[in-house]
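For reference, the structure is listed below as structure tokens.
The values are calculated or read from the model by the stated rules, or taken from the named source; none is laboratory data. A quick note: this is a predicted structure, and the numbers were derived from the prediction, not measured. In this analysis, Cβ positions are derived from the backbone assuming ideal geometry, glycine residues included, and neighbour counts consider all displayed protein chains. The area values use the complete protein model at the heavy-atom level, side chains included, leaving out ligands, DNA and RNA. Shrake-Rupley method; radii C 1.70, N 1.55, O 1.52, S 1.80 Å.
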Amino acid sequence: MTEPANIDKRIYDLYDEYCHSGMTRRDFLQRAAAMTIAGVSGLAMAQSLLPRYAQAQTISFTDERIKATYVDYDSPGGTSGEMRGYLVQPSTPGPHPAIIVIHENRGLNPYIEDVARRFAIEGFLALAPDGLSPVGGYPGNDDDGKVLQQSLDQTKLKTDMLNSARFVKTHEQSNGKLGSVGFCWGGGTTNFLAVEMGDDLQAGVPYYGAAPDSDSVASISAPLMIQSAADDERINAMWPDFETALTQGDKSFVRNLYPETKHGFHNNSTPRYNETQAELAQTRSVEFFKQHLA
């Protein structure tokens, strides 16, 4: 895999556009192929950014410290009225503090499942819902997953996440306290849950997620740990207004800005991953949840 330092910023920017727009993989690769940077093919750089999930797994689904299964549950008002998620619990006796782990804008891929397992080995009951499950589930690749998620009614999709949060909070293995962590689209949805759930959410950790409307911040009760990448112009442009609303509302929050990182730096399946900063962010997230959910 090409090292991040060898990938030109123009390719990173193109990849970010590809991830957050209707651009197809073919168009992404064709546009990258038109670039040659310092004698290096832009196509080679672009191909190295595509996820490699098998190499990125950190916790095996057969790890003896956890019990993992897929669960189905009702979701009134959602895409179909039913949902499916990946539920991972510690092998130690419960109840455990509960966490909902919310995926990016492409459904429940192997990276997010691995994140759920990472929280479970730390003692949390983790549910990673698949927002695509009402329409067949994550299709096995991010390209089709992105298109499928974009096609959904976004209000109903967020309702499915809200119902998922309520499901894991009231699960028999839950201690009744709930945290939310999400990445990219899931980060914005964590902020959405903080607004919608009020004091039914005990802690939120959005990673590089869109800020909620300033007028809605007054509804937030949960302490927030906002995880931000230093090089993330689109998301960071929302921060000043979000910070002002949080401060004026006397909300409990901390923002961590991670140096030398790009949007998606926690995702260890692509070269956007920054190992040092991702591990620090994960440690902080775990400690934050233990503080507020124990």
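Please count, across the chain, the pairs of lysine residues with Cα atoms under 26 Å apart that sit 8 or more places apart or on different chains.
Close lysine pairs under the 26 Å cut-off: 21.
Relative to a virtual label point 7 Å from the Cα of residue 175 in the Cα→beta-carbon direction, which members of segment 87-117 show backbone nitrogen distances below 19 Å?
88-101, 117
Using protein chains only and a probe of 1.4 angstrom, how many square angstrom of residue 82 are accessible, to the nearest 10?
My reading of the accessible area for residue 82 is about 120 Å².
Give the accessible surface of the chain per residue, rounded to a whole number of Å², with probe radius 1.4 Å and ligands, DNA and RNA excluded.
Here the per-residue accessible area is 43 Å².
Compute the distance in nm between two label points, each set 7 Å from the Cα along the Cα-to-Cβ direction, one at residue 21 and one at residue 6.
In this crude label model, residue 21 to residue 6 measures out at 2.7 nm.
In nm, give the distance between the simple-model label positions of residue 155 and residue 257, each being 7 Å from the Cα along the Cα-to-Cβ direction.
3.6
Quick one: length gained pulling residue 221 to residue 279 fully straight, 0.36 nm per residue minus the C-alpha distance?
In short, 18.2 nm is gained.
For a label point 7 angstrom out from the Cα of residue 239 toward its Cβ, which stretches of segment 176-210 have the backbone nitrogen within less than 20 Å?
Answer for this model: 181-192, 204-210.
Give me Rg over Rh for segment 56-293, both radii from the alpha carbons and Rh done the Kirkwood way, two decimal places.
0.93
Out of the total accessible area of the chain (probe 1.4 Å, heavy atoms of protein only), what percent is carbon and sulfur?
The computed percentage sits at 47.
Set the Förster radius R0 to 25 Å, insert the Cβ-Cβ distance between residue 135 and residue 210 as r into 1/(1 + (r/R0)^6), and round the FRET efficiency to 0.05.
0.65
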